[in-house]
Structures are given as structure tokens and as C-alpha cells.
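The values are calculated or read from the model by the stated rules, or taken from the named source; none is laboratory data. All figures in this text were calculated on a predicted structure; none of them were measured in a lab. Here Cβ is always computed from backbone atoms with ideal geometry, including for glycine, and neighbour counts include all displayed protein chains. Calculation scope for accessible area: heavy atoms of the full protein, side chains included, ligands and nucleic acids excluded. Shrake-Rupley method; radii C 1.70, N 1.55, O 1.52, S 1.80 Å.
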Amino acid sequence: EGGKLITFESISPTGLDATNTPSPHISQNDALSQEMLQSAFELEEASDIPFTQARNGEYYMVRTDKIQPSFLPAFANIKDRILKAWITQEQLKAAKAKAEEYVEAFNQGKTPETHFTPLPKLSLSEPSSKIANEIKNLVFSLRPNKAGLTQTKEGVVVVVLKQIIPPS
């Protein structure tokens, strides 16, 4: 079987191209591609390694013609991702501020009208697949009829502990 020439241009050590997406020339799950990429970044400019046997038994050769310093992607290429991240961050800030107001009002006895979602019975000794650990930790740190807040992957959560039911 004949050899195959693969040319990498403007690629990072992790296999990402200039737009920060995986290079179409490299399989992210292919051990040979990853080994070749690692070899390329160990070389100096205008140098190569001789034919080398990869861990999977195939042979390869790598030549690094030019090394370009890392660069920031053009703003036009990433502005949508930046805008989305900023909007998400601002929404989270606003949600946290609203949650803090609610917790403060509730703990001062000014019970605002709101909709509560009851939690299932929780135990410190048993894991819960339905309730995030952050929520569980908050529940077990609260006193009855007090509120607290925590942040999870999904956002900000307000918890009000209504009562503690002793184990039976």
C-alpha cells in the first residue's frame, strides 16, 4: 500500500485549526493522527523526523516547515460565541440578584408569593440522582423556615426548608 501525504496548516497542538474547530485532516480519536501531531510540535522549524513506527504498527514521517506563533482569532469569527457567552453571563447575574433578593425577603419574614417545587425526601447517607449535590448540600445546611441559594449547572436555585422529617 502506498503512503499518504497529509498537510497541516495553521494547526494547534490539540488539532484545532485557525477557527478553533477540529482540523478536518486529523481524526481526534485516531491514535496515529495524535502521535503525528505530537511529533510535529516537538520539531524545530524546517526539520523532520525519519520514518517512525507508530504504536499501532504503521509508519509515518513528519516535517515541520514553518512554526507560526499562536494568535487570537479574528473578532468577526468569534463574535457570535462571545455574544452568546456574555448574554448567558448577564442572565445568570440577573437571576442571582433576583434570587438573593428573594432569600433576603423570605428570611426577614416577608414571604413573597411564588411557586415552590417540592423536593423528594433526601438523605445525607444516600445519593440522589434527581437532585444536584449543590442543592442537597444547601438543604442540609439550612434551618427550618429559612431560605438559601446555590448555583448549579442549570442556573441559580433558591431552596426553602419547610420542615425536617426525622428518619423512621
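Key figures
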read-out: Which listed residue, of Val62, Val103, is open to solvent by less than 80 Å² (accessible area, probe 1.4 Å), touching a helix residue (DSSP H, G or I) at 6+ places or on another chain (Cβ under 6 Å) and either within 30 Å of Lys162 (Cα to Cα) or hydrophobic (A, V, I, L, M, F, W, C) (or both); value: Val62
read-out: Cross-chain or 6+ apart pairs with Cβ under 6 Å, the stretch 65-84 first and more than 22 Å from Ala40 (Cα to Cα), then of a type in the set (Ser, Thr, Tyr) and at pLDDT below 80; value: Asn77/Thr19
read-out: Selected residue (criterion: modelled with the highest pLDDT) from residues of the stretch 149-168 that are part of a loop (DSSP other than H, G, I, E, B) and within 20 Å of Thr114 (Cα to Cα); value: Gly155
read-out: Test: residue in the stretch 75-88 that is modelled with pLDDT under 90, under 30 Å from Pro13 (Cα atoms) and open to solvent by less than 90 Å² (accessible area, probe 1.4 Å); value: yes
